[in-house]
Structure formats: structure tokens, C-alpha cells
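Worksheet: one structure, shown below.
The values are calculated or read from the model by the stated rules, or taken from the named source; none is laboratory data. Source: prediction; values computed, not measured. Note that each Cβ is placed from the backbone with ideal geometry, even for glycine, and that neighbours are counted across all protein chains shown. These accessible areas exclude ligands, DNA and RNA; they are computed on the full protein's heavy atoms, side chains included. Shrake-Rupley method; radii C 1.70, N 1.55, O 1.52, S 1.80 Å.
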Amino acid sequence: MTAHAPGRTARQYLMCEPTHYTVSYEINPWMDRTRHTDADLAVRQWRRLRDTYLDLGHTVETIDPLPGLPDMVYAANGATVVDGVVYSARFRHPERQPEGPAYQKWFADRGWVTHTAEQVNEGEGDMLVVGRLILAGTGFRTSRAAHAELQELVGHPVISLELVDPHYYHLDTALAVLSADPEDPQIAYYPPAFSPGSRAVLEQLFPDAVLATEQDAAVLGLNAVSDGENVVVAPAATHLAGALRERGYTPVPVDTSELLKGGGGAKCCTLELRR
């Protein structure tokens, strides 16, 4: 296996501080209302994540958290941004539905071109840009019709992938984009999270992909953020970190364990702004 030759570019991210973080409802297998959550710890972990991006030379914008929307911290779900166009989120569960308009307003207020989605989708949680392609998850949250809607909007080929394990309910919990370089796109993923047909598609498109172990996946190790060189990853995903080093990437462990109680990690907290 040849080592990846990293190509790093500065990124721009949107994040939302978890001021109102709690688990007050259960819409994925990670959530348990009877389990104590510590909003102060969540904020400290979030700030460490934000500061890590800043230390790596990236730009972080923030959106104000709204009371009553504890999952707003998972900014990746708020929209999909491709070539300067914002495709709004349209959440499946009523508890999160106000987040879509809140994020869309943030973009509109800053002069971005926004498109109000007609189809159910949960933003970059299920829509991941990999080079010239967009990989799009379905099965739990985002409809296949949203994949078609996004493709018509941005003109990039959208590849539908069926998720089959409720623990990996968004694509970004089961697959990480390591390099979005159109000439050498690279991903890591957990094969059992996908249907047989979708696994076959991934094997054809990315024959050299990093394959995560069950242990990596179970700590949401694939909910990682890469700038093409550095990969912010859950500290407990040790096998994945080793595999990344072998490919020429630098793993940057950042603990987001408190936010994992809501079913999210570093990537869930990070929406990439692609101008």
C-alpha cells in the first residue's frame, strides 16, 4: 500500500457552542435520557475542538445556540455547503426541525446563496464531498429524493449509500473523508454499517480506503475531520489512528466523549464552509 502524499489546505468551519446541551429526548441509539450529561464539560470539550482547528490554521465561524435546541451543537447537520451554495437541512425528527431554518438564516444574513430543501435531509451529516463526488447516506435520516435534489442544485454526481445499522444513522458516523483532492480522493469507512450493494460501490470507487474496525466505529472514530494532512479523531479510535499514520496523515486526538452521549463527535460539531 502506497503512502498518501498529504495535501493540506486551510479550511473554514461553522460551529455552535453547546451552551444548552443535554439529552432530553432519544432519537438515536446513543441517546439515553436517564444518563447524566454535563453541559459545562461539553462546552470545555467543544472549545478544545474549536481551538484545535484554530491552532491548525483554520477559520472557525460560530452560530449562536438557541434555547430548546440541545442538538444544535451538531453543526454538520445544519446544511450542506458546496461551491458557495447552501442546501438547507430539513430534519426528520420534530425535535430538531427548527435547527434547519436557524442555520439557513445564519447563512442568508451573511450573503450566502441558500436553497430551501423540499426533501428530508440532515445536511453534511449525510452529504460528504469527496473530490468531484458527493457521497450521500440514506436509510435513517436523509431521503434518497434529497440526494437527487442536491445533485440538481450543485451539479456534482451524488452517490447514494444505504446505511443499515441504527448506531451509524448518519453517513458521517460510518465514513470519514480523509482527502477531498479530486485527483486522489481518500476515505475511511466501516463496512458493516452499509448494505451489501453500497459496500460494493465503495470498494469500486475507493479500493484503497482505510477500513475501520468495530472498535473504531463504536467510539465514533469515523466522525473525524481531516484537512488533508491532520485528522482530528476520537482518542479511543487507536487502530484507526495507527492506520492513518501509515497513510501519511497526522492523527490529532480530541476528546468529545460528553458530546458522544448525544450521538456525535468532532465531525458532527463541524460544518465545512466551501466557498
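Overview of values
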item: Matching entry among Val219, Val113 (being modelled with pLDDT of 95 or more, closer than 21 Å to Met31 by Cβ and among the β-branched types (Val, Ile, Thr)); result: Val219
item: The range 54-80: number of residues that are touching a Ser or Thr at 6+ places or on another chain (Cβ under 7 Å) and closer than 21 Å to Ala117 by Cα; result: 3
item: Hits in the range 227-265 (condition: under 18 Å from the mean Cα position of the chain (by Cα), open to solvent by 20 Å² or more (accessible area, probe 1.4 Å) and among the β-branched types (Val, Ile, Thr)); result: Val252
item: Of all residues making up the range 47-67, the number that are of a type outside the set (A, V, I, L, M), in contact (Cβ under 8 Å) with a residue 60 or more places away in the chain and either surrounded by 18 or more Cβ atoms within 10 Å (Cβ to Cβ) or under 20 Å from Ser257 (Cα atoms) (or both); result: 4
item: Among the residues listed as Ala209, Ala200, the single one being over 14 Å from the mean Cα position of the chain (by Cα) and either acidic (Asp, Glu) or over 19 Å from Arg8 (Cα atoms) (or both); result: Ala200
item: Tally, over the range 139-157, of residues that are part of a loop (DSSP other than H, G, I, E, B), open to solvent by less than 60 Å² (accessible area, probe 1.4 Å) and either of a type in the set (Gly, Ala, Ser) or in contact with a strand residue (DSSP E or B) (Cβ under 7 Å, 6 or more places away or on another chain) (or both); result: 4
item: Which numbered condition Ser198 fails, given (1) open to solvent by 30 Å² or more (accessible area, probe 1.4 Å); (2) within 22 Å of Thr80 (Cβ to Cβ); result: (1)
item: Sole residue being touching a residue at least 60 places away in the same chain (Cβ under 8 Å), within 24 Å of Lys261 (Cα to Cα) and of a type in the set (S, T, N, Q), chosen from Thr142, Thr138, Thr173; result: Thr173
item: Residue that is more than 30 Å from Pro157 (Cα to Cα), part of a loop (DSSP other than H, G, I, E, B) and either open to solvent by less than 10 Å² (accessible area, probe 1.4 Å) or without any contact (Cβ under 8 Å) to a residue 40 or more places away in the chain (or both), where the choices are Arg33, Arg44; result: Arg33
item: Residue count for the range 80-110, restricted to those that are open to solvent by less than 30 Å² (accessible area, probe 1.4 Å) and either at pLDDT below 95 or not in a loop (DSSP other than H, G, I, E, B) (or both); result: 13
